[in-house]
Amino acid sequence: MNKDKLTSLIETLDYGPAPEQENRTREWLKAHGSRFSHYINGAWQPPKQGGYFKTINPARSDEVLAEVALGSKEDVEAAIEAAKGSFPAWSALAGHERARYLYAIARAVAKHARVFAVLESLDNGKPIRETRDIDVPVVIRHFYYHAGWAQTMESEFPGYRPGGVIAQIIPWNFPFLMLAWKIAPAIAAGNTVVIKPSKSTPLSALLLADILMNEVKLPPGVVNVLTGDSRTGTMLYEHPVPWKVTFTGSTEVGRIIRKGTAGSGKHLTMELGGKSPFIVFDNADFDSAIEGVVNGIWFNEGQVCCAGSRLLVQECIHDDFIKRLKRRMSKLRVGNPLDKAMDMGAINNAEQLKKICELMEVGKKEGAVMWQPENVVCPKGGYFLPPTLFTNVEPSHTIAQEEIFGPVLVTLTFRTPAEAIQLANNTRYGLAASIWSQDIDTAMDVARKVKAGTVWINSTNLFDAAAGFGGYKESGYGREGGREGMYDVLIEEDHGRHSVVSERGKISAERGDWNSGIVRGVTTNGNIDRTFRFLIGGKLARPDQAGSFSVTSPEGQLLAIVGEANRKDARNAVEAARGALPSWFESAAHLRAQILYFWAENLATEKGRFADGIAAQTGCTLDAARIEVERSISRLFDFAAYADKFGGTVQPVLGRRLVVGLREPVGVIGMRACDESPLLGFIAIVAPALAMANTVVVVAGKHAMTAMDLVQVIQHSDVPPGVLNVLTAQNPDAIAKILAEHEDVDGIWFFGSAEGSKIAEEASTSNMKQTWVSDGQEIDWSSIKSEKLLLKSTQVKNIWVPYGV
Ligand code: NAD
C-alpha cells in the first residue's frame with residue numbers, strides 16, 4: 001500500500017474490504033455438481049417427477065448457486081414412509097443414545113461452522129457477521145441443549161411420549177436456525193421428522209443432511225429433508241401420517257394450514273408473523289437504545305419475525321432520539337454479505353423486495369415521511385435496500401399495522417406508559433416487544449401488560465435454546481425452545497381419552513350427606529317451575545329472543561326448561577368476558593384460589609341435588625352421579641391449589657441475563673362443554689382456566705340443567721362479574737362456532753362431535769385462536785392430568801431481564 005493511501009485511510013478511518021473465504025463452501029457445492037436431491041431414508045433420492053429448481057444468490061441475482069429437487073407427491077410419500085419406518089427404533093432408543101446423536105450433530109455443525117456461515121450468507125443474502133456470530137452458534141447451542149432433554153426425558157417428562165412423525169415447514173429468513181429449532185426438540189423427544197425448507201433457501205438444510213449421513217451417521221429416516229415449494233408443503237401437511245405439523249412462516253399461510261388440517265386431529269405449532277413494538281421511555285439509556293434499534297430492525301435486513309419494526313418513542317425525547325438515530329443510520333454499511341464489515345446484506349428474493357417497496361409507497365401515500373441516509377449506497381446487481389425510517393406515522397396507517405418484513409422502521413410517539421401499552425397492543429400480532437427504561441418498575445409493568453410471547457428489557461433480538469420462543473394472538477401458538485417447547489413435541493401417554501380407570505375412581509360415594517333436593521326447574525308435583533336464565537356479566541340474563549328448550553331424562557321425562565342462546569347472547573357473553581379480563585388478569589392468585597375453594601364448598605353443601613340432577617338427566621346410577629359430584633369437588637380443590645403454584649420459571653441464559661418465564665392466561669376462552677359428564681366435564685375445563693386468570697364463556701347442551709344449577713352456586717361464590725359466563729343451547733355446536741369466529745375470543749375449546757371439532761378449528765382462523773378439541777372422543781375428566789389442563793389454560797411469556805451488563 002502506498003504512503004498516500006495509508007495516510008488517507010488513517011485520516012478517514014474508512015473500512016477496507018474484508019471478504020470471507022468462500023472456497024470451502026464453493027467446493028462443497030461443486031462436489032455435488034451443484035445439483036441436490038432430497039435427503040430421504042439416509043440417502044440422496046432424486047425427485048420422482050418434480051424435476052429441479054434453481055436457488056440463486058440474492059446479492060448477485062444472476063448467479064445460480066445450485067439446482068434443487070422439487071418435491072412431488074411420490075417424494076412426500078417416500079419421505080413420510082422413511083420417517084414412519086424409523087420411528088419405532090428411534091423412539092425405543094434410550095434417551096442417552098439419542099442424546100449422543102444430538103451431541104454429535106452439535107459437534108459436527110461446530111466443526112463446519114464457517115462453511116455453514118458462508119453458505120447461509122450466499123443463499124439468504126444476510127451478512128456473514130450475522131451467520132457467523134448468531135445463526136450458526138445458536139444452531140449449535142440448540143442441538144447441545146436438546147441433547148440434554150433427550151438425556152433427561154424419562155425423568156423430566158414422565159407420562160409423556162413422542163407421537164411419531166412430525167411434518168415441519170420453515171421460511172427463508174433464518175433457514176438454518178429455524179431448521180434447528182424444529183428438528184432438535186422433535187428428535188430429542190424421539191419423534192422422526194420430514195422437514196421442508198423454503199424454496200429460496202434450501203442449501204444449509206442440504207449441507208446438514210450431508211453431514212448427518214456421512215459424519216454423524218444418524219439412523220436413516222430419523223431426519224428427512226424434502227425440498228420444494230408451497231405445493232410440496234401442502235402435500236406434506238395434508239399427509240395423514242404425521243401426528244403434528246409445525247410451521248414457521250407468514251400468518252397468511254398459517255391460516256391456510258390451520259384450515260387444511262381442521263378435523264384431522266393433528267397437533268399444530270404455529271410460529272407466525274409479527275409487528276413488534278420497540279418502546280423507548282425518556283429515562284432510557286439513549287446510546288444503548290439507539291444500538292438496540294439498529295439491532296432490532298436492521299439485523300437481517302429487517303426480515304425477522306420479531307423485528308422491532310414499530311418504534312414507540314416518548315414524545316418529549318422524540319426529536320432528539322430521531323436526530324441521533326439518523327446519524328447512526330448514516331453509518332450503516334450495505335453491501336456484499338460476505339464482507340465482514342457489512343451491517344446489511346441483500347433482501348432474500350425479488351418478490352419480497354417488491355412487497356417491501358410497495359409498502360413503502362403506501363406509507364408515503366398515506367402521509368408518512370420517509371427518510372433514507374443519502375450516503376448509504378447499495379450495490380447494483382442484487383436485491384439491496386438501504387435502511388429506511390418513517391416518521392409522521394399514524395397508528396392506523398398501513399405501515400404501522402402490516403408486517404413489512406424489510407429494513408423499514410415506522411415511528412410513533414406516546415406520552416404516558418399507559419398510552420405506550422395501548423399502542424404496543426394495537427396490533428393483531430403478539431410475537432415480541434422490546435422495552436427501554438432504566439426504571440425497573442416501569443419496564444416490568446409494561447412487560448407484564450404487553451401481549452407478546454417474548455419481551456426483552458433493555459435489549460432486543462436475543463435468543464437462547466433454554467428460553468422458549470413463540471407468539472400471542474395472530475403471531476401463533478406453541479413454543480420452540482425451553483421446557484415449554486418440549487411439551488409441544490410430546491403426547492400425554494393416555495392422551496386423556498376415556499377408558500383409563502384412575503385412582504380417582506376410588507373416590508367414595510358413601511361419604512357425607514346426600515340429601516336430595518328437588519330437581520330445579522320442576523316443582524314437586526312435576527310441573528315446570530321456571531325457565532333458567534344465562535349468567536352473563538354476573539347477572540342472570542334472559543335469552544335474547546326468549547328462546548328455550550327442554551332438558552329431559554333418557555326416557556323423555558321433562559326435567560327442566562332452559563334458555564336457548566343465540567348469536568346476540570354469545571356476543572354479550574364475550575363482551576362481558578373481555579371486559580372482566582384486565583382486572584381478573586391482575587387479581588392475586590390467592591384470591592382466585594379462595595374463590596375456587598368457596599365454589600367447592602358451596603357445591604358440597606348441595607351435592608345431593610347435583611347428584612340427583614346428573615342421574616335424572618343422564619340415566620346413570622345415583623352412585624355414579626355421586627362419584628361425579630365428589631370428583632368435581634375434588635377438581636375444584638385441585639385448581640384452587642394450583643392457582644398460586646403454576647407460575648413459571650426463572651432461567652439463566654447465555655450472557656448476564658435471566659429469562660423470567662411467566663405462565664400467562666390465554667385470554668377469553670370460549671368453551672363447548674361435553675355432554676357425557678355434565679358437572680365434571682364443566683368444572684374440569686372452567687376451573688383451570690379461571691385459576692390461571694382467563695375469563696370464560698361456556699356453553700352447555702344436552703344436560704344443561706346441571707350448568708344452570710351451577711350458575712346458582714357460582715353466584716354465591718364471589719366469582720367477579722363477567723369472569724365466568726354460562727350459556728345453554730340445544731345446539732351448542734352452533735354457539736361454539738360463533739365463539740370460534742369471534743375476534744374477541746382468544747381460545748376455543750370444543751368437547752363434542754368430530755364434525756363440530758372440525759368446524760370449530762376451521763372457524764378459529766379468524767384471529768388464529770388457540771384450539772383444543774376432542775375430535776368426537778370422550779375424555780376421561782377424572783384421569784386427565786391437572787398439568788395438562790393448566791398447560792392448555794396458559795401461554796408462556798418470556799421476559800429477558802439483563803443484570804450488570
Ligand atoms: P411463507 O409463509 O410464505 O412460507 C413459509 C414456508 O411455507 C415455506 O417453506 C413455503 O414454501 C411454505 N408454504 C407457502 N405456502 C404454503 C402452503 N399454502 N402450504 C404449505 N406450505 C406453504 O413465509 P416466508 O415468506 O418464507 O417467511 C416470512 C414469514 O415467516 C414472515 O411472516 C415472518 O414473520 C415469519 N416467520 C415467523 C417466525 C416465528 O418464529 N414466529 C420465524 C421466522 C419467520
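The values are calculated or read from the model by the stated rules, or taken from the named source; none is laboratory data. Treat the numbers as computed from the prediction; the structure is a model and nothing was measured. Using ideal geometry, Cβ is built from the backbone for each residue, glycine included, and neighbour counts are taken over all protein chains shown. Side chains are part of the model used for accessible areas, which takes the heavy atoms of the whole protein and leaves out ligands, DNA and RNA. Shrake-Rupley method; radii C 1.70, N 1.55, O 1.52, S 1.80 Å.
The packing ranking, built from the mean of other Cβ atoms within 10 Å per residue, places the peptides 443-454, 694-705 in the order 694-705, 443-454, highest first. For region 1-80, the convex hull spanned by the alpha carbon atoms encloses 151 Å³ per residue. Shown is the FRET efficiency for ALA589 and GLN777, computed with R0 = 45 Å from the Cβ-Cβ distance and rounded to the nearest 0.05: 0.90.
The charge dipole of region 446-490, taken about its Cα centre with unit charges on the Cβ atoms of Lys, Arg (+1), Asp and Glu (-1) only, comes to about 280 debye. Relative contact order for region 70-147: 35 percent, from Cα pairs under 8 Å spaced at least 6 residues apart, divided by residue count.
Extension gain for the segment GLU374 to VAL362, taken as residue separation times 0.36 nm less the Cα-Cα distance, is 2.2 nm to one decimal.
Between ASP319 and LEU6, the modelled label-to-label distance comes to 4.8 nm, taking each label 7 Å out from Cα in the direction of the beta carbon.
Taking +1 at the Cβ of each Lys and Arg and -1 at the Cβ of each Asp and Glu, which of ILE10, GLY468, ASN173 sits farthest along the dipole of the chain towards its positive end, judged by Cα position relative to the Cα centre? Selected residue: ILE10. The mean sequence separation of alpha-carbon pairs under 8 Å and at least six residues apart, normalised by the residue count of the chain, gives a relative contact order of 12 percent. Phi angles of region 210-220 translate, via the Karplus equation with coefficients 6.51, -1.76, 1.60 and θ = phi - 60°, into HN-Hα couplings of 4, 6, 4, 6, 9, 10, 6, 6, 4, x, x Hz per residue; Gly and Pro are given as x. Placing dummy labels 7 Å off each Cα toward the beta-carbon, the span from ARG35 to LYS48 is 2.1 nm. In this structure the amide hydrogen of LEU65, modeled in the peptide plane, comes within under 5 Å of the amide hydrogens of THR55, ILE56, ASN57, none closer than 5 places in sequence on its chain. Excluding ILE347 itself, what net charge comes from residues whose Cβ is under 11 Å from its Cβ, given Lys and Arg +1 and Asp and Glu -1? Net charge around ILE347: +1.
Amide H contacts under 5 Å for THR269: VAL245, THR246, PHE247, restricted to partners 5 or more places along the chain or on a different chain, H placed in the peptide plane at 1.01 Å from N. Ranking THR605, SER583, ALA593 by Cα position along the charge dipole of region 551-629, where only Lys, Arg, Asp and Glu carry charges on their C-beta atoms, puts SER583 farthest toward the positive end. The helix-only estimate of mean residue ellipticity at 222 nm for the chain, built from DSSP H runs of length n ≥ 4 each weighted as -39500 (n - 2.57), is -12500 deg cm²/dmol after division by the residue total.
Taking the 0 to 90 degree range and rounding to the nearest ten, how far is the long axis of helix 73-92 tilted relative to the main principal axis of the chain, both from C-alpha atoms? Approximately 70 degrees, to the nearest 10.
Dipole size of region 8-92 about its Cα centre, with +1 on Lys/Arg Cβ and -1 on Asp/Glu Cβ: approximately 420 debye, rounded to the nearest 20.
How would you order 587-596, 23-32, 2-11 from highest to lowest mean count of nearby Cβ atoms within 10 Å?
The packing order, highest mean first, is 587-596, 23-32, 2-11.
With Cβ to Cβ distances under 15 Å as the rule, what net charge do the other residues near LYS48 carry (K, R +1; D, E -1)?
Taking every Cβ under 15 Å from that of LYS48, the sum is -2.
DSSP finds beta bridges in the chain, and of those with both partners inside it, around 45 percent are antiparallel. The packing ranking, built from the mean of other Cβ atoms within 10 Å per residue, places the peptides 43-50, 147-154 in the order 147-154, 43-50, highest first. Shape index of region 78-131: Rg/Rh, with Rg the Cα radius of gyration and Rh the Kirkwood radius from the inverse mean 1/r over Cα pairs, equals 1.18.
Compared with the dominant principal axis of the Cα atoms in the chain, helix 607-618 is inclined by about 80°. Which of the listed residues, VAL713, SER766, PHE751, is farthest toward the dipole's positive end in region 699-789, when Lys, Arg count +1 and Asp, Glu count -1 at the beta-carbon? My answer, from the dipole projection, is VAL713. A simple charge model with +1 on the Cβ of Lys and Arg, -1 on the Cβ of Asp and Glu and nothing else charged puts the dipole of the chain at about 1020 debye relative to its Cα centre. Our note on the geometry: Cα centres of region 358-419 and region 739-805, 35 Å apart.
Protein heavy-atom accessible surface, 1.4 Å probe, per residue over region 127-190: 24 Å². Distant-in-sequence amide contacts of VAL551, defined by a placed amide H-H separation under 5 Å and a gap of 5 or more residues or a different chain, comprise LEU559, ALA560, ILE561, VAL562.
Modelled spin labels at GLU252 and GLN557, positioned 7 Å past Cα toward Cβ, are 6.1 nm from each other.
What would the Debye equation give as log₁₀ I(q)/I(0) for the chain at q = 0.05 Å⁻¹, counting only Cα atoms as equal point scatterers? After summing over all Cα pairs, the log10 values are -0.29.
Considering only protein heavy atoms and a 1.4 Å probe, what is the carbon-and-sulfur percentage of the accessible area of the chain? Exposed carbon and sulfur together represent 51 percent of the surface. Hey, for a label at ARG231 modelled as a point 7 Å past Cα toward Cβ, could you say which residues of region 75-91 have their backbone N under 19 Å away? Residues passing the 19 Å test: 75-80. Each residue of region 42-49 was assigned a 3J(HN,Hα) from its phi angle through the Karplus curve 6.51 cos²θ - 1.76 cosθ + 1.60 (θ = phi - 60°); the sequence is x, 9, 6, 10, x, x, 5, 8 Hz, with glycine and proline shown as x. Placing a label point 7 Å from the Cα of ASN283 along the Cα-to-Cβ direction, the residues of region 397-414 whose backbone N falls under 18 Å of that point are 414.
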